[in-house]
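J.: Dropping the structure in here first, questions after.
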Amino acid sequence: MKVALFAPCYVDLINPEVGVGVVRVLRKLGVEVVYPERQTCCGQPAFNSGFFDEARGVARHFLDVFENERWDYVVCPSGSCATMVSHYYPFIFKDLPEDRERSETLGHSVREFSDFLVNVLGVTDLGAHHEGRAVFHTGCHQRRELGILNEPRKLLRNVSGLELLDWGNEELCCGFGGTFSVKMPDVSTAMADEKIAALEKSGADTLVSCDSSCLMHLEGRLKRTGHDTRVLHLAEILDPQKDG
Amino acid sequence: MTTSKPARQHDTEDRRREGIKSNVEGFNERSRKAIGDRQLHDAVALASKNLIEGRNKVLGALPDAPELRERAYRIKQETMANLDRYLEQMADAVEARGGNVFFARDGEDAIRYVADLARRKGARIIAKSKSMATEEIELNRRLEEDYADLDLEIVETDLGEWIAQLAGETPSHIVGPILHMSRQRVADILSSVAGEKLPPNVEELTKFARKRLREKFLAAEIGMTGANFGVAETGTVVTVTNEGNGRLVTSVPPVHVVVMGIEKLVPKFEDLSTFVQLLSRSGTGQKITVYTNFITGPRAEGELDGAEELHLILLDNGRSKLLGTEFEEALYCIRCGACLNVCPVYRQTGGHTYGSTYSGPIGAVITPLLKGDKEAKDLPHASSLCGACSEACPVGIPLHDLLLKLRNRQVEEGLAGRAQSVAFKGFENTMRSPALYRISGKAGRLAQKPLEKDGSIRPLPGPLSGWTNTRDLPPLAPKSFRELWKEGLKDG
Amino acid sequence: MADRAEFMERVRHRTRTGAYRPTHAPDVAWTREGAPLEKEPIENPPARFLEELEAVGGHGRRVRNITEARKYVLSLVRERDAKLVLRWDVEELDRMKADGPLREAGVEVAVWNDDLEDPKDVAARADIGLSTAAWAIAETGSLVLEGGPGWGRVVTLLPPCYVAVLPAKRVLSTVPETIERYAERGGIPANVCFHTGPSRSGDIEMTLAIGVHGPGDVHVVLVG
């Protein structure tokens with residue numbers, strides 16, 4: 001089994017430990033990992049702001065890069081970026097049959113990280129260990145476009161030392177929404193506060209997600225409001241060589 | 001100058017205005033007031049929670065709900081594809097039953113028709129049951145102002161709508177118009193009408209409202225409703241209420257006027273089965289509302305109540321523009337309000353922040369479509385695109401995708417502004433060039449050095465200040481993933 | 001006034017292919033997990049009707065015959081201390097023979113027909129409205145009321161207390177079944193109303209208020 005790693009731009013530049021965790025987990029499971037080095041970004045920021053032409057430009061580059069490799073799957077540690085490629089590339093290429101076909105073909109092979117582990121590799125227990133009381137935040141694209149709800153939770157329940165708690169308003173968006181977070185900052189922050197209130201009520205000391213973008217937004221607000229909640233991507237918790 | 005009679009004292013004057021009501025520009029700026037209002041937030045949160053729980057229970061218990069949803073979509077799709085034919089059929093059916101039909105191109109047309117009718121009938125009071133279409137065209141206020149010589153009193157009879165009207169406020173939720181008001185506020189408003197102090201007790205306030213509005217039902221010459229659905233096959237108009245005012249205004253006054261958006265049509269009577277099941281289950285968590293009323297023409301021969309005259313006003317007001325376009329699905333809406341209940345943005349801002357008759361996700365979609373992008377420029381951006389609305393919609397309207405398309409439309413129309421266009425062009429160029437992308441990363445790491453403090457970026461002015469005003473911003477990592485890969489991760 | 005032809009021209013069909021493409025969210029309404037409760041065929045429609053009516057705050061009773069129905073109505077009038085009862089002009093209610101006993105007890109009984117000088121005014125003053133119903137719907141606890149000569153709409157709407165008496169065999173199972181019945185038969189009456197329980201509103205602070213415009217006290221007697 002050989003997979004190509006699609007590391008979102010903010011994983012590449014801000015949270016590389018997430019990508020590292022993914023690689024280590026996959027290798028532990030005997031999967032060969034390649035990383036197409038010419039990849040940059042899926043184009044979602046332009047797309048979300050309505051700049052479809054610009055998004056198409058970036059998307060074509062993405063398609064070029066990933067079509068140039070041989071792999072069984074493309075694995076992405078972000079529900080939102082996996083959705084962009086698998087779900088919205090055909091959307092923006094709706095009237096361009098050639099590109100649409102390329103994106104549909106590629107799209108079938110793009111899998112979000114937890115989805116890949118549980119549904120492709122059939123693995124739910126990685127023998128991982130992490131002390132803490134955690135809540136899991138499902139990113140909106142992951143929930144609605146990909147329908148991946150239980151997979152991360154199955155994986156977390158098998159992490160020894162980790163207590164997975166329920167929390168209120170679980171299905172509410174965290175308020176990131178890409179450029180929304182700076183275009184409508186008061187609303188975005190209020191939405192984060194709603195989630196943080198639920199987090200406090202749950203008694204969790206750890207926040208986990210499969211989307212670093214959501215985590216960046218929530219962690220930014222948690223820190224600013226004096227919380228010392230640990231904020232981690234699923235891959236960091238499952239990483240067999242974390243802390244070293 | 002002859003002496004004139006003093007102006008008739010009206011209980012209610014409609015001072016409500018559609019459109020951006022506050023002087024504050026921008027959705028985010030207007031949201032601040034709502035965000036700071038703890039009472040509003042708690043009211044919206046509680047209402048949403050109850051409505052969602054109710055909806056999940058009764059819709060979840062319907063075994064064929066998924067099929068109903070798809071069927072609802074297809075019925076609406078078929079209706080829009082042949083709307084001219086169905087409108088003709090509807091008009092013929094209504095006229096065959098003795099009703100009158102008027103085709104109103106816009107609000108002005110509709111209001112003029114009502115004014116002429118009121119004049120002919122010598123009407124002084126119009127008793128209204130809730131109709132969003134009439135609010136959209138500001139019927140009440142324009143009748144009062146532009147046709148002041150008619151001295152019409154137009155009374156909203158839905159409890160919440162009446163109270164909002166008295167307060168000069170617009171409703172803030174499709175289903176719960178005065179979600180934003182405390183009971184004390186309601187008591188104050190009704191006390192000033194009663195001329196005595198009423199306690200903030202729901203039962204007492206309701207009793208007063210019932211008594212007061214009863215007088216209007218019995219005195220009104222014209223009863224006015226909207227329509228939840230119109231059946232082309234039979235000419236039937238369907239209204240759905242819980243209070244009973246919808247049935248009262250169509251049973252007591254001698255004239256019944258229906259203002260119906262043209263998109264409310266369904267082809268056949270049996271199609272109602274799908275929609276009646278979906279509407280209240282989705283919107284209020286009820287299996288059915290207290291009054292589901294089917295009106296086909298004026299009263300029958302021998303009936304002693306029911307309207308003697310029925311006037312159906314079919315309102316376009318911009319809807320036809322959407323037919324056959326990528327935005328047509330916005331017309332499939334049945335106004336259940338489910339999207340408002342699940343919207344995380346609406347949860348924080350309430351309805352008034354949207355500054356339009358229609359708020360929440362459907363409001364953000366339909367307002368720019370009916371009123372044009374310039375007037376409602378912010379609304380497509382008042383969303384994090386989470387998709388909860390599309391998930392909740394019982395007709396399967398892809399609301400969050402429509403918001404995206406509206407953003408794209410703004411870009412194509414040149415409304416996005418120069419700074420953004422330049423920025424995203426730059427973004428595209430950077431992301432199409434691995435070399436440029438890597439250089440930007442390295443440059444960013446250099447540039448951030450003086451700004452880093454305790455592991456995060458110190459608050460910045462400019463576009464990112466929106467973020468750093470309230471949230472910490474993480475710095476770029478000392479080594480990118482790609483660098484780590486090349487420096488050793490690649491080989492294990 | 002907008003020209004009708006001009007109006008239609010604007011509305012004329014433009015070809016469009018839309019696609020029904022729901023999101024994949026595992027929403028409780030759109031995914032089928034576990035056996036849903038409602039649509040198993042309703043074995044005892046009258047019993048289910050009474051359950052649903054109670055659940056929305058109405059009062060229902062099944063009685064064996066028209067004599068027991070009369071007893072129910074008489075005792076309701078007594079309980080409510082009603083002075084004026086307004087009823088539909090229908091043979092079934094004639095046969096119930098409640099008018100006599102009521103008048104003997106000093107209660108005014110008005111019948112909805114053109115003998116009344118101002119029928120709507122009577123309805124506005126009545127303490128109790130009494131009618132039959134064309135059908136009832138078990139699934140939701142709804143009455144199906146048709147308008148027609150002798151079948152005053154406001155009889156069921158203006159008085160604060162309302163009671164309907166109908167044969168139990170008129171209880172249909174579901175809303176779709178009921179709508180289909182009207183769809184198939186054609187000739188929809190000028191007014192049909194599915195009336196379900198007491199009038200209500202949650203407008204003030206999401207607090208339930210009963211009897212806002214329509215009757216707050218709703219009774220249904222199923223006979224047979």
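Bear in mind these aren't lab numbers, they're just calculated from the coordinates by the rules spelled out. Being a predicted model, the structure only gives us computed values, none of them experimental. As a convention, Cβ positions derive from the backbone with ideal geometry for all residues, glycine included, and neighbour counts pool all protein chains shown.
J.: Over the Cα atoms of chain C, Rg to Rh with Kirkwood Rh, two decimal places?
T.: Value, to two decimals: 1.08.
J.: Got a sec? How would B:381, B:41 order by Cβ neighbour count within 10 Å, fewest to most?
T.: Ascending number of Cβ neighbours within 10 Å: B:41, B:381.
J.: The range C:56-100 to the range B:276-341: how many Å between their Cα centroids?
T.: Using only Cα atoms, the two centres lie 35 Å from each other.
J.: Something else now. Strictly over 25 Å apart at the Cα level, which of C:71/C:169; A:195/B:49; B:321/B:405; B:49/B:268; A:28/B:490; B:130/B:207 would you flag in this model?
T.: Table pairs above 25 Å Cα-Cα are B:49/B:268.
J.: Separate question: Can you give the net charge of the other residues whose Cβ lies under 13 Å from the Cβ of residue B:426, counting K and R as +1 and D and E as -1?
T.: After counting each charged neighbour, the total is +1.
J.: R0 = 30 Å: FRET efficiency of residue C:181 with residue B:78, Cβ-based, nearest 0.05?
T.: For residue C:181 and residue B:78, the calculated efficiency is 0.80.
J.: Right, another one. Which lysines, if any, have their Cα less than 17 Å from the Cα of residue B:128, not counting same-chain residues under 8 positions apart?
T.: B:211, B:216
J.: Whole Å is fine, so just give me how far the alpha carbon centre of the range C:123-168 lies from that of the range A:24-42.
T.: If we compute the Cα centre of each part, the gap is 71 Å.
J.: To continue, here is another question. How big is the Rg/Rh ratio for the range A:124-238, C-alpha atoms only, Rh by Kirkwood, two decimals?
T.: 0.95
J.: If you don't mind, there's one more thing I want to ask. Can you sort B:170, A:83, A:105, B:470 so the residue with the fewest Cβ neighbours within 10 Å comes first?
T.: Ordered from fewest to most neighbouring Cβ atoms within 10 Å, B:170, A:83, A:105, B:470 come out as A:105, B:470, B:170, A:83.
J.: Please compare each pair in A:223/B:449; A:201/B:57; A:94/B:442; A:2/B:479; A:242/B:453; A:154/A:201 to a cut-off of 28 Å on the Cα-Cα distance and tell me which ones are over it.
T.: In this structure, A:94/B:442 exceed 28 Å between Cα atoms.
J.: Further, regarding this structure: The range A:40-128: which chymotrypsin sites (Phe, Trp or Tyr not before Pro) are DSSP loop and have at most 14 other beta-carbon atoms within 10 angstrom?
T.: Taking the range A:40-128 and a limit of 14 other Cβ atoms within 10 Å, no loop chymotrypsin sites (Phe, Trp or Tyr not before Pro) are found.
J.: What is the range C:62-155's relative contact order, in percent, from Cα pairs under 8 angstrom and six or more apart in sequence?
T.: Value for the range C:62-155: 31 percent.
J.: Additional query: Could I get the Rg over Rh figure for the range A:182-244? Both from C-alpha atoms, Rh via Kirkwood, rounded to two places.
T.: Radius of gyration relative to Kirkwood radius: 1.01.
J.: Once you average over the residues of B:59-67, how many Cβ atoms of partner chains fall within 10 Å of each Cβ?
T.: 6
J.: What does the structure give for C:154-165 when I average, per residue, the other chain Cβ atoms found within 10 Å of the residue Cβ?
T.: Mean shielding by partner chains, rounded to a whole number: 3.
J.: Divide, for the protein assembly as shown, the radius of gyration over alpha carbons by 2.2 N^0.38 Å, where N is the residue count.
T.: Scaled against compact globular proteins, the figure is 1.03.
J.: Does chain A classify as rounded, prolate or oblate by the C-alpha gyration tensor (a ≥ b ≥ c root eigenvalues; a/c under 1.5 gives rounded; else a/b over b/c gives prolate, otherwise oblate)?
T.: Judged from the Cα gyration tensor, chain A comes out oblate (a/c at least 1.5, b/c at or above a/b).
J.: Let me ask something additional. Would you mind classifying the range C:101-224 by shape? Square roots of the alpha carbon gyration tensor eigenvalues, ordered a ≥ b ≥ c; an a/c under 1.5 is rounded, otherwise it is prolate if a/b is larger than b/c and oblate if not.
T.: Verdict is oblate for the range C:101-224.
J.: Also: What net charge is computed for the residues neighbouring residue A:77, neighbours being all others with C-beta under 15 Å from the C-beta of residue A:77, Lys and Arg scored +1, Asp and Glu -1?
T.: With Lys, Arg at +1 and Asp, Glu at -1, the neighbours total -3.
J.: On to the next question. Can you give the log10 of the normalised intensity I(q)/I(0) at q = 0.13, 0.17 Å⁻¹, computed with Debye over equal Cα scatterers of the range B:77-317?
T.: -0.80, -1.34
J.: If you average the alpha carbon positions of the range A:107-134 and of the range A:188-215, how far apart do those two centres end up, in angstrom?
T.: That distance is 21 Å.
J.: So how long is each side of the range B:420-491 along the principal axes, counting just the alpha-carbon atoms, biggest first, in Å?
T.: Here the spans come out as 42, 34, 17 Å, largest first.
J.: Let me ask something else about it. Beyond 22 Å, what percent of the Cα pairs of the range B:114-216 remain?
T.: When every Cα pair of the range B:114-216 is considered, 34 percent fall beyond 22 Å.
J.: Å³ per residue of the Cα convex hull, for the range B:337-443?
T.: It is 135 Å³ per residue.
J.: If a/c stays under 1.5 just call it rounded; otherwise compare a/b with b/c (prolate if a/b is bigger, oblate if not). Do that for the range A:1-74, with a ≥ b ≥ c from the square roots of the Cα gyration tensor eigenvalues.
T.: Taking the square roots of the gyration eigenvalues as a ≥ b ≥ c, the range A:1-74 is oblate.
J.: Report for the range C:42-223 the percent antiparallel among DSSP-assigned beta bridges with both residues inside it, nearest 5.
T.: 30
J.: Right, next: Quick one: net charge of residue C:217's neighbours, Cβ under 11 Å, K/R +1, D/E -1?
T.: Neighbourhood net charge equals -1.
J.: Ok, one more. FRET efficiency for residue A:228 and residue B:486, Cβ-Cβ distance as r, R0 = 35 Å, nearest 0.05?
T.: It comes to 0.55.
J.: Diagonalise the Cα gyration tensor of chain B and give the resulting equivalent ellipsoid semi-axes, square root of 5 times each eigenvalue, largest first, whole Å.
T.: Those come to 47, 27, 22 Å.
J.: Let me ask something else about it. Sort B:25, B:329, A:69 by Cβ crowding within 10 Å, fewest neighbours at the top.
T.: Going from least to most buried by this count: B:25, A:69, B:329.
J.: Divide by every residue of chain B the summed helix terms, -39500 (n - 2.57) for each DSSP H run of at least 4, and state the resulting mean residue ellipticity at 222 nm, rounded to the nearest 500 deg cm²/dmol.
T.: -14000 deg cm²/dmol
J.: When only Cα pairs under 8 Å and 6 or more residues apart are kept, what is the percent relative contact order across the range B:365-492?
T.: 13
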